[in-house]
Amino acid sequence: ICLQFSSLLLFCFGLCSSWWGGVQMGPPDPILGVTEAFKRDTNPKKMNLGVGAYRDDQGKPFVLSCVRKAEALIASKQLDKEYLPIGGLGEFTKACAQLALGNDSEVLKSSRNITVQTISGTGSLRIGANFLSRFHGGPRDVYLPKPSWGNHTPIFRDAGMQLKAYRYYDPSTCGFDFKGALEDISKIPEQSVILLHACAHNPTGVDPRPEQWKEIADIVKKRNLLVFFDMAYQGFASGDIDRDAWAVRYFIEQGHNIVLSQSFAKNMGLYGERVGGFTVVCKDAEEAKRVESQLKILIRPIYSNPPMNGARIASTILSTPDLRSLWLEEVHGMANRIIKMREQLAAGLKKNGSSHNWQHVIDQIGMFCFTGLKPEQVERIIKEYSVYMTKDGRISMAGVSSGNVGYLAEAIHAVTK
Amino acid sequence: MSVFSDVPQAPPVAVFKLTADFREDSHPQKVNLGVGAYRTDDCQPWVLPVVKKVERLIVEDESLNHEYLPILGLPEFRSASSKVALGDDSAAIKDNRVGGVQALGGTGALRIGAEFLRRWYNGVNNTATPVYVSAPTWENHNAVFADAGFKDIRPYHYWDAAKRGLDFTGFQDDLEKAPEHSIFVLHACAHNPTGTDPTQEEWKKIAEIMKRRNLFVFFDSAYQGFASGSLDKDAWAIRFFVSEGFELFVAQSFSKNFGLYNERVGNLTVVAQDSENLTRILSQMEKIVRTTWSNPPSQGARIVSKTLNCPELFAEWYAANVKTMADRVLLMRDQLKSKLQALGTPGTWDHITQQIGMFSFTGLNPKQVEFMIKEKHVYLMASGRINMCGLTSKNIDYVAQSIHDAVTTIQ
């Protein structure tokens, strides 16, 4: 009977087998998984400190006024829907490069950059990774800071690069491991790619100080490394777009021909419109043309040409003087609210009688805070207080409001005392 | 010494170079029959009235924001798109074994599908699986599959230049000889660039061979509704294959049938054997999307979703706007053929009205094409492909005369 049953099974398998029997179930995305669990929670005090999207003080998504104004302007123009060039909307890429490099940039004056419109920061990183994979003659290794945004690793891997790390975050100080970083960078094989977060490091919020950036630039030059800057938070970190781009501009001034990814998801709140840029700073305009032609060859078989809507909004804002001023105000406002929440959280922890040093909550910059909570503490804070964060103890300050910062301080104190 | 000193200059993408050359041309009678976008009889781009209406609704809706879409895209968009492809009464949809991945245009849908197949089809990470594309095909098909990692991309017989029609014998032969498990990219309707589609009987035969030989079906559907004017008719082949029990992919584009070219609206419809398989497939699709663009753009999907899911808007889109486009193309086909026949242009021109969709493979050879461009300032692809949408009541006489001159003076 057993024999008959198993041959019956085999028979059925042969008849109705799928192509996809061998496809494994993909693991849930760690960050999005947090939101899923949050949604299911019925605790009225629950807090979602997972995903990095800005929220106003009422905990609501924030559509910038400059964006709404730009949209109205665009709607009135009755534009067509014809394909953009492969490299994207010209007015956008020009403004995008200017924003990062500064209006007086010698790179822009000599046209030795190529900037293409990309599908936000992810798309930009991927195009960059693909470009390096195909054309970078140096080692296949990309050095990421430890830790880095979780998606960096699979992006570079899928593009065919290999990942290595340099020390960055010091858990004992919740700050920058400057000495460790310099030591590790000084050992990176020449011509390797090093990825640097331009500002508001994700996930730690820990940025090097200007003097530290100078030393990093120095050693990177000595090691002849190819610098890949990821700038996803320009304006959002300090509230000042030029200050946030300082490291990028300094490196260029020092002669590094960098590659750069930019995102407008956070600083313009254009998350779902997918607005970004990828820049290669080349030796000269002639090289920029060659590089451009190859970027197009890479882009065409992925999505042909980029989406118009978000780029049009961003471009309108950047090149319309009063919209640009309004934008700068609103970015400043978002950054300030985050800074205020940091201050209130630190104060709240002190008030609760916490004996720990929470200075890092204020010192760290940008949307994220690496609290220093250990995995068991994270598990407790989720289970017992319905405060949702990622396992690494990272919280999105954007999810904190004046209405819930007190509760958050209580909860963190409770699991860390 | 720059790290990029050795980066070679890449050739421009032909179809865009053609348009660039056209723009620079100052000849008063110039005509652009190159890139595949719809034009009105005044040779203007056309934003569909229903799209304008829905865009206004979106801009005025203060409750809408710009938050991230889920990785796989806007749920209402994905389900409505798959329904458009498979039909309202689709048994596969009722069985919960159909899923969608919102993608950046048809290109994006093809690429995500190709990346998935390379990772998970016919073994794990099997880059050696042959991928067959029609000869000729849309020029980007090759690069999509090559960049996804496939090492063996081959042509299957399709266009018969001598008889100006489908080389069905050659096509069947390739199906019979293809290694088992090979992937075949099939154009669901309005084949690009030839405009020549298999008949329903031919599709049935193709399906029979593909089932028997365990070949994978990957439909490219960029012109549903646009080709014949009927969504159902244009999806007949897809629906037939689904009814025959195939697990398959359909890369859908809404660029043409919604005129939303620059918003990059597409959907990869996945028809799996059952919902359990579908779940695992979609989980892996998410991983691929996450390292490519994280999540897709919102605007275009909202427009299409609102339209497809609202009966009045759907009717306006389908019965008015899509019909307008399809009818104009049919009219131009009819008139071009008549004019060529009236001129007594050598050769037969029935293929102009027999072919379907935006494109026509005129049969002009490269020398004749060069003549058309250089001497007549009529821009078309080197393959002899013309975009019927570039024809208008004002330029059709000039174009017909130009073709006549090309055929009679150049061999």
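Per-residue mean of foreign Cβ neighbours for B:99-109 is 3 (Cβ atoms of other chains, 10 Å radius).
Return one whole number: the accessible area per residue of the protein assembly as shown in Å², for a 1.4 Å probe.
Details: 32170 Å² over 828 residues.
Accessible surface, normalised per residue, equals 39 Å².
For A:ALA165, the residues whose modelled amide H falls within less than 5 Å of its own, excluding neighbours fewer than 5 places apart on the same chain, are A:LEU144.
Diffusion coefficient (Stokes-Einstein, Kirkwood radius over C-alpha pairs, 10 °C, 1.306 mPa s) for chain B: 71 µm²/s, rounded to a whole number. Couplings for segment B:322-327, taken from phi via the Karplus curve 6.51 cos²θ - 1.76 cosθ + 1.60 with θ = phi - 60°, read 5, 4, 3, 5, 4, 5 Hz in order; Gly and Pro are left as x. Between the helical axis of B:105-120 and the longest alpha-carbon principal axis of chain B there is an angle of about 50 degrees. Per residue, the convex hull spanned by the Cα atoms of segment B:169-305 measures out at 134 cubic angstrom.
Quick check: net charge around A:TYR54, other residues with Cβ under 14 Å of its Cβ, Lys/Arg +1 and Asp/Glu -1? Present the calculation step by step, with values, prior to reporting the outcome.
Details: positive: A:ARG55, A:LYS60, A:LYS266, A:ARG337, A:LYS340; negative: A:ASP56, A:ASP57, A:GLU330, B:GLU67.
Counting the neighbours of A:TYR54, the net charge comes to +1.
Here the accessible area is traced with a 1.4 Å probe on the protein chains. For segment A:239-332, carbon and sulfur cover 47 percent of it. Among B:LEU268, B:LEU110, B:LEU282, the largest mean-square fluctuation in a Gaussian network model of chain B (Cα springs under 10 Å) belongs to B:LEU282. Averaged over residues, the count of other Cβ atoms within 10 Å places the peptides A:178-187, A:131-140 in the sequence A:131-140, A:178-187, highest first.
3J(HN,Hα) along segment B:184-199, derived from phi through the Karplus expression 6.51 cos²θ - 1.76 cosθ + 1.60 where θ = phi - 60°, amounts to 10, 8, 10, 8, 4, 6, 6, 3, 9, x, 8, x, 9, 10, x, 6 Hz, with x in place of Gly and Pro. Peptide B:10-22 shows a mean partner chain C-beta count of 3 within 10 Å per residue C-beta. When chain A is treated as a GNM, springs tying every alpha-carbon pair under 10 Å, which of A:ALA232, A:ALA335, A:ALA53 comes out with the largest mean-square fluctuation? So, out of A:ALA232, A:ALA335, A:ALA53, the one fluctuating most is A:ALA53. Mind grabbing the base-10 log of I(q)/I(0) for segment B:219-280 at q = 0.28, 0.29 Å⁻¹? Debye formula, identical points on the C-alpha positions, no solvent, two decimal places. Debye output, listed in q order: -1.14, -1.18.
Chains A and B together bury roughly 6600 Å² of accessible surface, counting both sides and using a 1.4 Å probe on protein heavy atoms. In the protein assembly as shown, taking the dipole from charged Cβ atoms about the Cα centre, the farthest positive-side position among B:LEU18, B:VAL7, B:ASN214 is held by B:VAL7.
Placing unit charges on each Cβ (+1 for Lys and Arg, -1 for Asp and Glu) gives segment A:206-297 a dipole about its Cα centre, and among A:GLY277, A:PRO210, A:TYR250 the Cα reaching farthest toward its positive end belongs to A:GLY277. Computed about the Cα centre, the dipole magnitude for the protein assembly as shown is approximately 760 debye when only Lys and Arg (+1) and Asp and Glu (-1) carry charge, each at its Cβ.
Kirkwood hydrodynamic radius computed over segment A:272-402 comes to 18.9 Å, based on all pairs of distinct alpha carbons. Among the protein heavy atoms of segment A:98-198, carbon and sulfur supply 49% of the accessible surface, probe 1.4 Å, non-protein parts ignored.
Helices that extend 20 Å or more along their long axis by alpha-carbon positions and average at least 1.0 on the Kyte-Doolittle scale are, among the DSSP H runs of chain A, A:2-16. The magnitude of the dipole of segment B:262-362, with charges of +1 and -1 set on the Cβ of Lys/Arg and Asp/Glu and taken from the Cα centre, is near 300 debye.
Ranking B:LEU278, B:GLY225, B:GLY300 by how far each Cα lies toward the positive end of the dipole of segment B:192-309 (charges on Cβ) leaves B:GLY300 at the top.
At a cut-off of 30 Å², which residues of segment B:242-273 become less accessible once all protein chains are present than in their chain alone, using a 1.4 Å probe? Listed by number, the residues meeting the 30 Å² cut-off are B:GLU247, B:TYR261, B:ASN262, B:GLU263, B:ARG264, B:GLN273. The HN-Hα couplings worked out from phi for segment B:212-223 by the Karplus form 6.51 cos²θ - 1.76 cosθ + 1.60 (θ = phi - 60°) are 5, 9, 6, 9, 8, 9, 10, 7, 10, 10, 9, 10 Hz, whole numbers, x standing for Gly and Pro.
Over the C-alpha atoms of chain A, the Rg to Rh ratio, Rh being the Kirkwood estimate, stands at 1.02. The amide H of A:PHE368, built 1.01 Å from its N in the peptide plane, has A:MET397 as neighbours under 5 Å, considering only residues 5 or more places off or on other chains. Report the residue, chosen from B:ILE238, B:ILE386, B:ILE288, that carries the largest GNM mean-square fluctuation when chain B is represented by alpha-carbon nodes joined by springs under 10 Å. Highest fluctuation of the listed residues: B:ILE288.
Residues of segment B:51-90 that lose at least 50 Å² of accessible area (1.4 Å probe, protein heavy atoms only) when the other protein chains are present, relative to their chain alone, are B:VAL59, B:HIS66, B:GLU67, B:TYR68.
What chymotrypsin sites (Phe, Trp or Tyr not before Pro) in segment B:198-296 are in a loop by DSSP, with at most 13 other Cβ atoms within 10 Å of the Cβ? Walk me through the numbers on the way to the answer.
Working: sites: B:TRP203, B:PHE216, B:PHE218, B:PHE219, B:TYR223, B:PHE226, B:TRP236, B:PHE240, B:PHE241, B:PHE246, B:PHE249, B:PHE254, B:PHE258, B:TYR261, B:TRP293; in loops: B:TYR223, B:PHE226, B:PHE246, B:PHE254, B:PHE258, B:TRP293.
Answer by residue number: there is no such site.
Among the listed pairs A:LYS383/B:LYS94; A:LYS45/A:LYS391; A:LYS46/A:LYS146; A:LYS81/B:LYS367; B:LYS17/B:LYS52, those with a Cα-Cα distance over 28 Å are A:LYS383/B:LYS94; A:LYS46/A:LYS146; A:LYS81/B:LYS367; B:LYS17/B:LYS52.
Where both partners of a DSSP beta bridge lie in the protein assembly as shown, what percent of those bridges are antiparallel, to the nearest 5? Kindly include the intermediate steps, with their values, before the conclusion.
On the way: 35 of 73 bridges.
Given both bridge residues lie in the protein assembly as shown, the antiparallel proportion sits at roughly 50 percent.
For segment A:36-82, trypsin sites (Lys or Arg not before Pro) are listed when DSSP marks them as loop and at most 16 other Cβ atoms sit within 10 Å of their Cβ; the list is A:LYS45. Quick one: with all protein chains in place, what share of the accessible area of segment B:13-137 is carbon or sulfur, to the nearest percent (1.4 Å probe)? Carbon-and-sulfur percentage of accessible area, whole number: 50. The equivalent ellipsoid of the protein assembly as shown has semi-axes of 48, 32, 26 Å, largest first, where each one is the square root of 5 times an eigenvalue of the Cα gyration tensor.
Against chain B, whose longest principal axis is taken from its Cα atoms, helix B:49-60 shows a tilt of about 50°. The value of relative contact order for segment A:52-151, using C-alpha pairs under 8 Å at least six residues apart, is 16 percent.
Backbone amide hydrogens, once placed in the peptide plane, bring B:HIS157 within less than 5 Å of B:ASP174, excluding anything fewer than 5 places away on its chain.
Surface calculation, 1.4 Å probe, protein heavy atoms: B:LYS53 sits at approximately 80 Å² accessible. Quick check: the angle from helix B:14-24's long axis to the longest principal axis of chain B, C-alpha only, nearest 10 degrees? That works out to roughly 50 degrees. Let me make sure I get this right: for segment A:117-196, a, b and c are the square roots of the gyration tensor eigenvalues over alpha carbons, sorted descending. Under 1.5 in a/c it's rounded, otherwise prolate if a/b > b/c, else oblate. Which is it? Oblate shape, in that a/c is at least 1.5 and b/c is the bigger or equal ratio. Placing +1 on the Cβ of every Lys and Arg and -1 on the Cβ of every Asp and Glu, with no other charges, gives chain A a dipole of roughly 500 debye about its Cα centre.
The mean number of partner chain beta-carbon atoms within 10 angstrom of a residue's beta-carbon across peptide A:73-82 is 5.
Taking Cα pairs under 8 Å and at least six residues apart, what relative contact order does segment A:207-337 come out at, in percent? Don't skip to the end; give the middle numbers.
Working: 137 pairs, mean separation 34.3, N = 131.
Relative contact order of segment A:207-337: 26 percent.
The values are calculated or read from the model by the stated rules, or taken from the named source; none is laboratory data. From a predicted model like this one, the values you see are computed outputs, not experimental measurements. Using ideal geometry, Cβ is built from the backbone for each residue, glycine included, and neighbour counts are taken over all protein chains shown. The area values use the complete protein model at the heavy-atom level, side chains included, leaving out ligands, DNA and RNA. Shrake-Rupley method; radii C 1.70, N 1.55, O 1.52, S 1.80 Å.
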